[in-house]
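Reading through the structure tokens given below for one structure.
The values are calculated or read from the model by the stated rules, or taken from the named source; none is laboratory data. From a predicted model like this one, the values you see are computed outputs, not experimental measurements. Just so you know, the surface numbers come from the protein's heavy atoms only, side chains and all, with ligands and any DNA or RNA stripped out. Shrake-Rupley method; radii C 1.70, N 1.55, O 1.52, S 1.80 Å.
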Amino acid sequence: MAGVKALVGLSFSGAIGLTFLMLGCALEQYGVYWPLFVLIFYFLSPIPSFIARRLGDDTDAASSACRELAYFFTTGIVVSAFGLPIILARVSVIQWGACGLVLAGNAVIFLTILGFFLVFGRGDDFSWEQW
């Protein structure tokens, strides 16, 4: 039952994050949809972790090269997702208010992705690998 509550909470926070992103694009004073390119980073960010879990050994070692490389790539993807709206606002493609809304949406979405891995990545009987 705790897994279902966590899933509902994660879906709610994901919806809040996407709402911030859509507000940064669709409000009348902003009206530019360039910030939607951060959706690519949302989809790319868990991929290195999925690959590291699949290729890594099942030992409970504190560190492995594959896992550390996955953390490095994930960090690069997350930093790029926060950097893109700032660059777009700096070159006046989007307004700074839209940039703020997109950055707020980024923070919520990436915390949701992190929460997903913390809740469902333990390898117990209720994990994301079943889906």
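Using all alpha carbons of region 35-118, what is the percent of pairwise distances in each 5 Å bin, ordered from the shortest bin to the longest?
Per 5 Å bin, starting at 0, the Cα pair percentages come out as 3, 14, 22, 21, 14, 10, 7, 4, 2, 1.
Not counting ligands, DNA or RNA, and with a 1.4 Å probe, what is W96's accessible surface area in Å² rounded to the nearest 10?
For W96, solvent-accessible area is about 150 Å².
Specify the residue with the greatest mean-square fluctuation among A65, A26, A89, computed from a Gaussian network of the chain linking alpha-carbon atoms under 10 Å apart.
Of A65, A26, A89, the most mobile in the Gaussian network model is A65.
Top mean-square fluctuation among V93, V108, V38, Gaussian network model of the chain, C-alpha springs under 10 Å?
With Cα springs under 10 Å in the chain, the top fluctuation among V93, V108, V38 is at V93.
With a length cut of 24 Å (Cα positions projected on each helix's long axis) and a Kyte-Doolittle mean of at least 0.5, go through the chain and give me the DSSP H helices that pass.
2-26, 65-90, 96-120
Under a GNM of the chain (C-alpha, springs under 10 Å), which listed residue has the highest mean-square fluctuation: L18, L55, L114?
Fluctuation is largest for L55.
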